[in-house]
Amino acid sequence: MERIGVVGAGTMGRGVAQLFAEQGHEVVLVDVADQVLDSARAEIGRDVRFARLLRPGTPDRVPGEVVGRIRFTTDLKEVRGVDFLFENTTENWDLKRPLYGELDSLCAPDVPFGVNTSAIPITRVASATGRPDRVIGTHFMNPAPTKPTVELIRGHHTSDETLARTQDLLDRAGKRHIVVGDSPGFVTNRVLMLTLNEAIFLLHEGVSGAAEIDRLFKECFGHAMGPLETADLIGLDTVLLSLDVLCDSFDDPKYRPCPLLRKLVDAGLLGRKTGQGFHRYDTPRGRPTPRRHDPHQCHETHRNDDDTHQTHESDESGERRHG
């Protein structure tokens, strides 16, 4: 069974690591910060422990065995010897480009690189390596262990062999997959980021409150989560970076990020992973606390006033939730 390398232990990276460890793979999970790795270890153990409650039909797995298949490390050199590598770092090309040069020098020439990015074109990523035929977009949805389908993006040079190896690996992990062409944001995020941004503009302009916007999408359209809850789940920093990539790539103002989104990111209110975004959360898996709408305070949606909150339930998606 293949040994899997996962670079980046944020929400998406730890989800991908958990997914393959649950299937019996040995996994190397790399991040620059011990604190992030410690958090990933604890969260993966907790997710496995409660998996049968959250995912009916899930096999009964021992948390210690799943976590024991994962090597948590800050040493990037430990990806030597992996058979397939997934990269899940922040949506910042200036950081990704040198990383891929390092990964290219560390991994064997036949190792495919799965790029779990929200918006950066796969062909651009492949250009930073000496193996463009072995680079493929693997856009996991958040949370990776539970979402059934992966968006696969074929770059300009992605080979048939790389596509087939990736599809086989995902098949054995119980994941469906849909192959799309290479374009910034691909299919899912090119549409989704516009929707999230427009919902944020509605809040910014005082048209409606955060709770009401989310309720409309859930109760009128049957969505499991509203757009602002989804943004909190992905991580507002990732949403902002994705919109910046789309705006720069297409040179189209329709992707211009809402000023309120920038304000919340500047304030460090990034959604579930920080406990507060468009809603407040007691824990990363806690309940959101939506605000009542006040058109005169639409720019203060991140305030902490306890008397302006009511509680209702929501699902989770994390940092990166890459995305």
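Some points to look at:
- Being more than 21 Å from the chain's Cα centre (by Cα) and open to solvent by 40 Å² or more (accessible area, probe 1.4 Å) is a condition met by at least one residue of segment 114-131.
- If you go through segment 252-264 and pick out every residue that is open to solvent by 30 Å² or more (accessible area, probe 1.4 Å) and either of a type in the set (Asp, Glu) or within 20 Å of Pro184 (Cβ to Cβ) (or both), you end up with 5.
- Summed over segment 190-202, residues that are open to solvent by 10 Å² or more (accessible area, probe 1.4 Å) and touching a helix residue (DSSP H, G or I) at 6+ places or on another chain (Cβ under 9 Å) total 7.
- Taking segment 160-182 as the range and being in a loop (DSSP other than H, G, I, E, B) and closer than 13 Å to Ile122 by Cβ as the test, only Asp182 passes.
- In this structure, Ala21 does not qualify as surrounded by fewer than 13 Cβ atoms within 10 Å (Cβ to Cβ), outside any strand (DSSP E or B) and not acidic (Asp, Glu).
- Single residue of segment 81-112 satisfying the filter (exposed (fewer than 13 other Cβ atoms within 10 Å of the Cβ) and charged (D, E, K, R)) that is modelled with the lowest pLDDT: Asp94
- With respect to the conditions (1) charged (D, E, K, R); (2) open to solvent by 60 Å² or more (accessible area, probe 1.4 Å); (3) over 29 Å from Cys247 (Cα atoms); (4) assigned to a helix (DSSP H, G or I), Glu78 falls short on a single one, namely (2).
- Cβ pairs under 7 Å, 6+ apart, first in segment 264-283 and assigned to a loop (DSSP other than H, G, I, E, B), second open to solvent by less than 30 Å² (accessible area, probe 1.4 Å) and among the β-branched types (Val, Ile, Thr): Phe278/Thr301; His279/Thr289
- Residue selection: Gln35 satisfies the criterion of being assigned to a helix (DSSP H, G or I), over 21 Å from Ala164 (Cα atoms) and either among the β-branched types (Val, Ile, Thr) or open to solvent by 10 Å² or more (accessible area, probe 1.4 Å) (or both).
- Test: residue in segment 217-228 that is among the hydrophobic types (A, V, I, L, M, F, W, C), within 16 Å of the chain's Cα centre (by Cα) and either open to solvent by less than 30 Å² (accessible area, probe 1.4 Å) or more than 28 Å from Val125 (Cβ to Cβ) (or both): yes
- Some residue of segment 59-70 being over 19 Å from Lys147 (Cβ atoms), surrounded by fewer than 19 Cβ atoms within 10 Å (Cβ to Cβ), modelled with pLDDT of 95 or more and touching a Leu at 6+ places or on another chain (Cβ under 6 Å): no
- Count - residues of segment 120-153 that are among the polar types (S, T, N, Q) and part of a strand (DSSP E or B): 2
The values are calculated or read from the model by the stated rules, or taken from the named source; none is laboratory data. All of these numbers come straight from a predicted model, not from anything done at the bench. Don't worry about glycine lacking a Cβ; one is built from the backbone with ideal geometry, like all the others, and counts go over all protein chains shown. Please note that ligands, DNA and RNA were not included when accessible areas were found on the heavy atoms of the full protein model with its side chains. Shrake-Rupley method; radii C 1.70, N 1.55, O 1.52, S 1.80 Å.
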